[in-house]
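Every number here is computed from the coordinates shown, using simple stated rules; none is lab data. Owing to the predicted nature of the structure, the values given are computational and were not obtained by experimental measurement. Cβ: placed from backbone, ideal geometry, glycine included. Neighbour counts: every protein chain shown.
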Amino acid sequence: MLRNKKMITKKKKSKPKCKGHYWTIKADPERLKDFIKRTQVSVKAWRARNPEKVRAQRIVFVAVRNGSLIRQQCFCGKKRTEAHHEDYTQCLNVVWLCKRHHAEADKLRRNGVKRYPHLSTCK
Ligand SMILES: [Zn+2]
């Protein structure tokens with residue numbers, strides 16, 4: 001009992017959780033406006049630089065929406081997944097990966113490695 005009470009009081013004294021950079025920006029309307037503007041500019045620039053990626057993403061989005069492509073879970077078991085393209089010319093040939101494994105797979109592809117036995121396993 002005593003131990004539990006001590007633990008509870010300790011929890012109350014601990015610092016509040018950091019809400020992250022975005023939340024500090026969101027609290028200030030001026031900074032939020034500036035943040036949105038800068039994000040839109042960078043997204044537009046990325047889209048202009050990578051038309052084949054934009055095309056592939058759109059085709060996958062439409063295919064998932066109309067049911068011709070079914071979202072699957074990552075090999076680690078996570079159900080919230082993203083479509084990973086090995087080759088952007090084959091738009092519907094995707095591997096479903098969670099956010100973490102997608103980032104790792106993209107890094108491997110940039111380094112010229114194909115396939116994913118190298119990916120770490122999620123905890
Ligand atoms: Zn995963």
Query raised in the report: Mind checking whether some residue in the stretch 29-48 is more than 16 Å from the ligand (Cβ to nearest atom) and part of a loop (DSSP other than H, G, I, E, B)?
Result: no
Query - Search result, residues across the stretch 72-96 that are surrounded by 14 or more Cβ atoms within 10 Å (Cβ to Cβ) and in contact with a Ser or Thr (Cβ under 8 Å, 6 or more places away or on another chain) - result: Cys74, Cys76, Trp96
Query - Failed condition for Asp87, given (1) within 16 Å of the ligand (Cβ to nearest atom); (2) assigned to a loop (DSSP other than H, G, I, E, B) - result: (1)
Report summary line: Residue pairs within 6 Å by beta carbon, gap of at least six or interchain, first lying in the stretch 95-112 and within 8 Å of Glu82 (Cα to Cα), second near the ligand (Cβ under 9 Å from one of its atoms) and of a type in the set (A, V, I, L, M, F, W, C), listed first then second, are Leu97/Cys74; Cys98/Cys74
Query raised in the report: Does the stretch 49-71 include one or more residues that are touching a residue at least 24 places away in the same chain (Cβ under 8 Å) and within 16 Å of the ligand (Cβ to nearest atom)?
Result: yes
